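Data first, discussion second: the structure below is written as structure tokens.
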Amino acid sequence: MYIDSHCHLDRLDLSRHEDSLANLVQAAGEAGVEQMLCVAIDLNQFDAMYNQVAPFNNIFTSAGIHPCHVGECPYDEARLRAAASKPGIVALGETGLDYHYSEELAGAQKASFAGHLKLGSELGLPVIVHTREARQDTLDIIDQHADRDTAGVLHCFTESLEMAQAALEMNFMISFSGIITFKNAEELRDVVRAVPLEQMLIETDSPYLAPVPYRGKPNEPTYVPQVAKCIAELKGVSVEEVARITRENFYRLFSRATPVERSV
Ligand SMILES: [Zn+2]
């Protein structure tokens, strides 16, 4: 059984599932994907997302502001705190730094990122981190503000091995998406080879970045086994082993998530 540790279910095109999230969740379950973490991108859309996934006991949720959204949704500790207090919230994020798309917002991104880490440490919630073209600043802010026990995850990781190792030393996990299956991702596959299985998660980041052989199609949690399969090949272990260990890692990091037996 697999866990998709990072997806945006409120942003999926559900037309292949008769516009029904329940149908999509069922299809994912039939593919062996037992749990999902639906990740927030800002607080303006939080309530709609939360209400959409709330009926499903196998979908966990996070509360946070994506670094590319700090323009229209500036960091607001009281609002984040209120969102994070809802049942089923197991993490803060996604937060972090993105200088590729939004470098002009760097100051606001840093303040928001530090705010998420401080609140995460206070509330005992791990933090989901997005990082792009901001390696040193990301590591510096984690170093200054992250709680080593609650820690967090660098999600959809596409950065260097040096960055991964620095994050691992601060007790962060590394989450890999379908990008590791892309033909031109050989350098990233070297990172997968080097990161211990005990410190990695798998994700789709759907609806973006569908793994091979679904590349170019809308992505969905149903495809997360492809990520596990790729890791299994790179590590020389069975896909069941990757599924089992990444599942254990998920529950260790997101300690408020309680395993739910699915009745498919
Ligand atoms: Zn995301």
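The values are calculated or read from the model by the stated rules, or taken from the named source; none is laboratory data. It should be emphasised that the depicted structure is a prediction, and the values quoted were computed from it without experimental measurement. Here Cβ is always computed from backbone atoms with ideal geometry, including for glycine, and neighbour counts include all displayed protein chains.
Taking region 23-49 as the region of interest, how many residues are away from the ligand (no atom under 16 Å from the Cβ) and closer than 25 Å to residue 246 by Cβ?
12
Right, residue 187: under 22 Å from residue 34 (Cα atoms) and either away from the ligand (no atom under 15 Å from the Cβ) or assigned to a helix (DSSP H, G or I) (or both) or not? I'd like the intermediate steps shown before the answer.
Details: under 22 Å from residue 34 (Cα atoms): no; either away from the ligand (no atom under 15 Å from the Cβ) or assigned to a helix (DSSP H, G or I) (or both): yes.
No.
Out of the residues in region 1-22 that are in contact with a helix residue (DSSP H, G or I) (Cβ under 9 Å, 6 or more places away or on another chain) and hydrophobic (A, V, I, L, M, F, W, C), which is farthest from the ligand (Cβ to nearest atom)?
If we filter region 1-22 for residues that are in contact with a helix residue (DSSP H, G or I) (Cβ under 9 Å, 6 or more places away or on another chain), which is where we start, we get 1-5, 7-12, 14, 16-17, 20-21.
Going one step further and asking which of them are hydrophobic (A, V, I, L, M, F, W, C), we end up with 1, 3, 7, 9, 12, 14, 21.
Working: 1: 22, 3: 15, 7: 8, 9: 11, 12: 12, 14: 18, 21: 18 Å.
By that ranking, first place goes to 1.
Mind listing whichever residues of region 107-120 are in contact with a helix residue (DSSP H, G or I) (Cβ under 9 Å, 6 or more places away or on another chain) and without any contact (Cβ under 8 Å) to a residue 24 or more places away in the chain?
We begin by selecting, within region 107-120, every residue in contact with a helix residue (DSSP H, G or I) (Cβ under 9 Å, 6 or more places away or on another chain); these are 108-110, 112-120.
If the condition is that a residue be in contact with a helix residue (DSSP H, G or I) (Cβ under 9 Å, 6 or more places away or on another chain) and without any contact (Cβ under 8 Å) to a residue 24 or more places away in the chain, then no residue fits.
So which residues in region 79-109 are surrounded by fewer than 16 Cβ atoms within 10 Å (Cβ to Cβ) and under 30 Å from residue 251 (Cβ atoms), if there are any at all?
Narrowing region 79-109 to residues surrounded by fewer than 16 Cβ atoms within 10 Å (Cβ to Cβ): 81-82, 85-87, 100-101, 103-104, 107.
Selection gives 81, 82, 85, 86, 87.
List pairs: first residue in region 24-39 and in a loop (DSSP other than H, G, I, E, B) and at pLDDT 95 or above, second residue surrounded by fewer than 24 Cβ atoms within 10 Å (Cβ to Cβ) and among the small types (Gly, Ala, Ser) anywhere in the structure, Cβ distance under 9 angstrom, at least six positions apart or on different chains.
Sorted first by the residue in region 24-39, then by its partner, the pairs are 32/243.
Just for region 143-155: of the residues that are away from the ligand (no atom under 16 Å from the Cβ) and more than 21 Å from residue 81 (Cβ to Cβ), which one is nearest to the chain's Cα centre (by Cα)?
Here the answer is 148.
Just to be sure I understand, how many residues within region 100-142 are within 16 Å of the ligand (Cβ to nearest atom), within 17 Å of the chain's Cα centre (by Cα) and either outside any strand (DSSP E or B) or over 12 Å from residue 154 (Cα atoms) (or both)?
4
List the number of the failed condition for residue 213; all other conditions in (1) at pLDDT below 95; (2) of a type outside the set (A, V, I, L, M); (3) not in a loop (DSSP other than H, G, I, E, B) hold.
(3)
Identify all residues within region 50-68 that are in a helix (DSSP H, G or I) and within 14 Å of the ligand (Cβ to nearest atom); write none if there are none. Please lay out each step first, then the result.
Going through region 50-68, the residues in a helix (DSSP H, G or I) turn out to be 50-53, 67-68.
Scanning region 50-68 gives 67, 68.
For the list (1) closer than 14 Å to residue 130 by Cα; (2) not in a strand (DSSP E or B), I need the number of the one condition that residue 78 fails.
Here residue 78 clears every test but (1).
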